[in-house]
1. Which semi-axis lengths, in whole Å and largest first, follow from the square roots of five times the eigenvalues of the Cα gyration tensor of the range 56-208?
2. Quick one: helix 359-371 against the long Cα principal axis of the chain, what's the angle to the nearest 10°, folded into 0 to 90?
3. Roughly how far apart, in whole Å, are the Cα centres of the range 88-105 and the range 115-174?
4. Rounded to whole Å and sorted largest first, list the principal axis extents of the Cα atoms in the range 264-334.
5. Rounded to two decimals, what is the ratio between the C-alpha radius of gyration of the range 296-401 and 2.2 N^0.38 Å?
6. List the lysines whose alpha-carbon lies under 28 Å from that of Lys272, not counting same-chain residues fewer than 8 positions away?
7. Could you run the Karplus curve 6.51 cos²θ - 1.76 cosθ + 1.60 with θ = phi - 60° over the range 57-64 and give me ³J(HN,Hα) per residue in whole Hz, x for Gly and Pro?
8. Could I get the Rg over Rh figure for the range 61-450? Both from C-alpha atoms, Rh via Kirkwood, rounded to two places.
Amino acid sequence: MSIYSSFFRNKPLRFSTFVVLLAGLIVATTFQNCGKAGFEATEQQSLDFNQQQIQSDVTPFAYETAIDQLTYLSCSSPGSNGKAFTFKVGAYEVRAAATPATPDTVMSGARITKAYIDWAKQNVKPNYDPNNPTNVVPTATDAKVYLATSKKNEKAQVQFSMRKIRDIKAVYSKTTATYGIDIVPLMGILSDDRWLTHLMNAAYSATDPAFVNFFPLADAEERVMEGALYFNQNEETATSFRNEFESNAFLTLGYDDNLEQTLLRSPAPGSKTMAYGLGYKLLFQQVLDFHNATVYPNGVAHPWNPKNTLTSVSEINLETGKDSGRTWSCPVARRYSVVRREDQAVICPKDKIGRMADANYKKEFEILRRHFPAKDYDVSVDSRCVVPLSFRCYRDEPLPQASGGTSYGMVPIQYNMTQPCFYNSNETRNNYPAAPPTPYCAEVASICVRN
């Protein structure tokens, strides 16, 4: 199955539509064409005027966002379609303070830029304060109120998507790109008090504006910056999406355009390559997961395995097109085998509760659980594996044990990645002998974190 990229052009609804239709009913044959032409001209004038307002706004763009964890899950069976995420991202990290008197440092999330704070302190007129009548420096509330009315910043909402590098208007999807599915909004509109009050207070409380990654007044699913894309339908589409990252695609963390929310907001409206935010170039390779790399320290993945392991993330500043200066790591120790439930007892036994006393174990467990919650997965840090509970990662094809099937009568999974396996895509199918191997290739969950 092929993959798609789509373009969006959302236009505002107008009350004048009713007037045009009513006129058409009264004099349907005489003025039909003229009415339509006038309608479209008015619409274009409105869009042009709105665009001019945005371009003439000298207020700096006020927001900066960053994630610190990106997970790829390669499950691509019919039983995982729409249930298993393909990419999941989030902002979680907090660096503990060196001393009790010093506040902890939030490493990612959202924040107001220093450029906006500096500009606001010089240009925004503060409201009169009878307790401080000579004050000429705007308060955090003054800066917040002004920001909410800025055309350049209005309706700004963080969004996560997969787009073309050379034309960021083009969005990847399984069929037709849809806002809320293939373009995923994170949190809410940032000028809303549930987010902006925390952001502005954090910006005013330090010389360098601080990130915020938890917003207690928001609804439960919007309190943290987290989102997921669901692409994989089968082995063929999973391979196709991965191949796009070789030169054509990247993940983007940007902001809804204030005229067309499906596009990325840009310092150069209409640009195909420039936007506010970050892009993430990914590298997928045919390598061993942690368990196999430990058992076979000098081993290599059999060539019939797919390139289904995320091994590198490069972060790009979408305004400049250059490296952001932030680095990412995708260590072997964070490549987790995806294990079928029926194989769990042997391949992925649960860790002992006493392991939580180990600080290193506890940290890895926390990172793993961010994207693999207990309601959907059993996990093991010691065995480096995850077991889906709410979907089937592998195809459930019957095969009697006498014919090479498992003890429970299914085609087995080849968890030993140094051995031959079956993966149903053109890239591997064309290399099989007349009788391809029986076991399915193992799927992998790859976790990458920002350094």
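1. Working from the Cα gyration tensor, I get semi-axes of 37, 21, 12 Å.
2. Approximately 70 degrees, to the nearest ten.
3. 24 Å
4. Largest first, the range 264-334 extends 52, 24, 14 Å along its Cα principal axes.
5. Working: Rg = 17.4 Å, N = 106, 2.2 N^0.38 = 12.9 Å.
Output field value: 1.34.
6. Leaving aside lysines fewer than 8 places away in the same chain, those within reach of Lys272 are Lys11, Lys88, Lys114, Lys151, Lys152, Lys155, Lys164, Lys169, Lys174, Lys281, Lys322.
7. Values per residue, Gly and Pro as x: 6, 8, 5, x, 5, 9, 10, 9 Hz.
8. Ratio of gyration radius to Kirkwood radius for the range 61-450: 1.03.
Where a number appears in this text, it was derived from the coordinates with a stated rule and is not lab data. Please read these numbers as outputs of a predicted model, since none were measured by experiment.
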